[in-house]
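The values are calculated or read from the model by the stated rules, or taken from the named source; none is laboratory data. Small disclaimer: the values here were computed from a predicted structure and weren't measured. Reconstructed Cβ throughout: ideal geometry from the backbone, glycine too, with neighbour counts over all protein chains shown. Just the protein is used for accessible areas: all its heavy atoms, side chains included, with ligands, DNA and RNA removed. Shrake-Rupley method; radii C 1.70, N 1.55, O 1.52, S 1.80 Å.
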Amino acid sequence: MRTAFVHAHVLDAVHGPRPGSTVVIDGSRIVSVAPDGDLDPAAVDEVVDLAGRTLMPGMVTSHFHSTYNELGSTPDPLGLDAPPVYLGLIGARNLRTALRCGFTGAVSAGAACDVDASLAKGIADGVIEGPRFIPGGREFSTTGHSNDSAPWYWQLGASGGIRLCDGAEEFRKNVRKEIKRGARIIKVFLTGGHGTTAPRGRTELTRDELAAVIETAHSRGAMVRAHIVNRYALGMALDMGIDIVDHGDELDDECIAQMVEQGTFYVPSVYFPKHFAATMGAGLGFTAGIAEDLRYAAEILPRANAAGVKLVLGDDYGAVGFPHGMYGKELAIYTQDMGIPPRDVIRWATVHGADLLGLPGDLGVIEPGRLADVIVVDGEPLADITVLGEPANVKAVYKDGKLTG
């Protein structure tokens, strides 16, 4: 099946805008990008007239909690707020929502009860529809961490969404268990802060414990990401070769240089704190602290971007008051509040996201030979990046050259 998209405003972060273009897809791959008028209609099976709409690579959300659904609205321990099968249904819904919003890739930041592995298999087997998905597993930390929320007298006997470990060997064994159950990325709560009730200055794991996590995961082909806020823990994690830094609120120039050298991915995830401060923060006393974090982010993120850090998108969608489906609004936060050029933020969402998915030569750019994960958008994101924040503007989503939805 050869499909030609004519009168397309082609946009990617590498080549920039190419108005008045025709893109031909053969099966799952892009085979040509040329000016309008060069197409032989007899050489294709279908012609789709985009009438000037934008054709761009599908985006990637790189901090995705498939099972989160108004997390924090009840006192139930994480991952034990609903039966596993029900959490799976929520996860399937959320992944399909991401796809419909133009995100053809997603990377887990933790999920309960082996749900992610089943969802990834369901997508791969065609049982459910969803983006390319790197599944995670239970989130790791130590006894007494803020997510160790089940009172001792409950004697629950089920880990839900958290694996609590103490000592390097316990971490090593349980990382192996999560990978055996299908996780391809391990999530660690290394510090408090940034949405947790533990103080930001508290580091939850010892050096030996974190080293055991990273060494074990890497030896079995899995990545490691960590919730990190304070500077000490950030430096420790970078020294040990962490793959993804989540939040990194105390990032500095020394860490930026190390991230660039090592190719570390960075998910600043400032949208949820901004949204939370505006909607609920004042009542809980969090507004002042969040405002300072956002002020500092506006100072440090342009420097990280200019230096070449592999910034990617993603946030805690599914937390209370912060539902899945808002993903595209995140891009505008970085352009409007942090002063990052729109083309660079699109690069985070596409080129860097493809790299994190392990497909840097296949995705993220519209050019011959690439996989045809593309979206059709009403509006021009370089002129107004907010168009990507409205799901109604995403008119069509193609994954592997096939129309979804």
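Looking at segment 166-188, I want the residues that are in a strand (DSSP E or B) and have a partner that is basic (Lys, Arg) and modelled with pLDDT of 95 or more with Cβ atoms under 9 Å, at least 6 apart or on another chain. Which pairs are those? Filtered contacts from segment 166-188: 185/225; 186/225; 187/225; 188/225.
Residues of segment 231-247 being under 25 Å from residue 274 (Cα atoms), over 21 Å from the mean Cα position of the chain (by Cα) and buried (at least 20 other Cβ atoms within 10 Å of the Cβ), which ones? Across segment 231-247, the qualifying residue is only 233. Residues that are in contact with a helix residue (DSSP H, G or I) (Cβ under 9 Å, 6 or more places away or on another chain) and either modelled with pLDDT under 75 or in a loop (DSSP other than H, G, I, E, B) (or both) were ranked within segment 133-158; the one that is farthest from residue 67 (Cα to Cα) is 142.
Here residue 321 clears all of (1) touching a helix residue (DSSP H, G or I) at 6+ places or on another chain (Cβ under 8 Å); (2) modelled with pLDDT of 95 or more; (3) at positive phi except the condition numbered (2). Taking segment 300-325 as the range and being surrounded by fewer than 18 Cβ atoms within 10 Å (Cβ to Cβ) and either in contact (Cβ under 8 Å) with a residue 40 or more places away in the chain or in contact with a Ser or Thr (Cβ under 7 Å, 6 or more places away or on another chain) (or both) as the test, the residues that pass are 303, 307, 308, 320, 321, 323, 325. Of the residues 57, 19, 41, only one is of a type outside the set (Gly, Ala, Ser), touching a helix residue (DSSP H, G or I) at 6+ places or on another chain (Cβ under 8 Å) and either open to solvent by 10 Å² or more (accessible area, probe 1.4 Å) or at pLDDT 95 or above (or both); which? Among 57, 19, 41, only 57 is of a type outside the set (Gly, Ala, Ser), touching a helix residue (DSSP H, G or I) at 6+ places or on another chain (Cβ under 8 Å) and either open to solvent by 10 Å² or more (accessible area, probe 1.4 Å) or at pLDDT 95 or above (or both). Which ones in segment 96-115 are in a strand (DSSP E or B) and in contact with a helix residue (DSSP H, G or I) (Cβ under 7 Å, 6 or more places away or on another chain)? Within segment 96-115, 105, 106, 107, 108 qualify. Taking the listed residues 118, 73, 66, the one that is of a type outside the set (Val, Ile, Thr) and crowded, with 24+ Cβ neighbours inside 10 Å is 66, with no other qualifying. Within segment 227-248, restricting attention to residues that are part of a loop (DSSP other than H, G, I, E, B) and touching a Phe, Trp or Tyr at 6+ places or on another chain (Cβ under 7 Å), the residue that is farthest from residue 195 (Cα to Cα) is 243.
From 289, 308, 221, 235, grab the single residue that is closer than 24 Å to residue 349 by Cβ and not acidic (Asp, Glu).
On the way: 289 fails: closer than 24 Å to residue 349 by Cβ; 221 fails: closer than 24 Å to residue 349 by Cβ; 235 fails: closer than 24 Å to residue 349 by Cβ.
Just a single option satisfies the conditions, and that option is 308.
Here is a check on your reading of the model: is residue 250 open to solvent by 60 Å² or more (accessible area, probe 1.4 Å) and under 19 Å from residue 305 (Cα atoms)? Full working, then the answer.
Values: open to solvent by 60 Å² or more (accessible area, probe 1.4 Å): yes; under 19 Å from residue 305 (Cα atoms): yes.
Here the answer is yes, as residue 250 does meet what is asked.
Residue check: residue 89 meets all listed conditions (1) more than 24 Å from residue 114 (Cα to Cα); (2) free of Cβ contacts under 8 Å to residues at least 60 places away in the same chain but one, namely (1).
Only residues that are surrounded by 17 or more Cβ atoms within 10 Å (Cβ to Cβ) and more than 23 Å from residue 393 (Cα to Cα) were counted in segment 328-351, giving 1.
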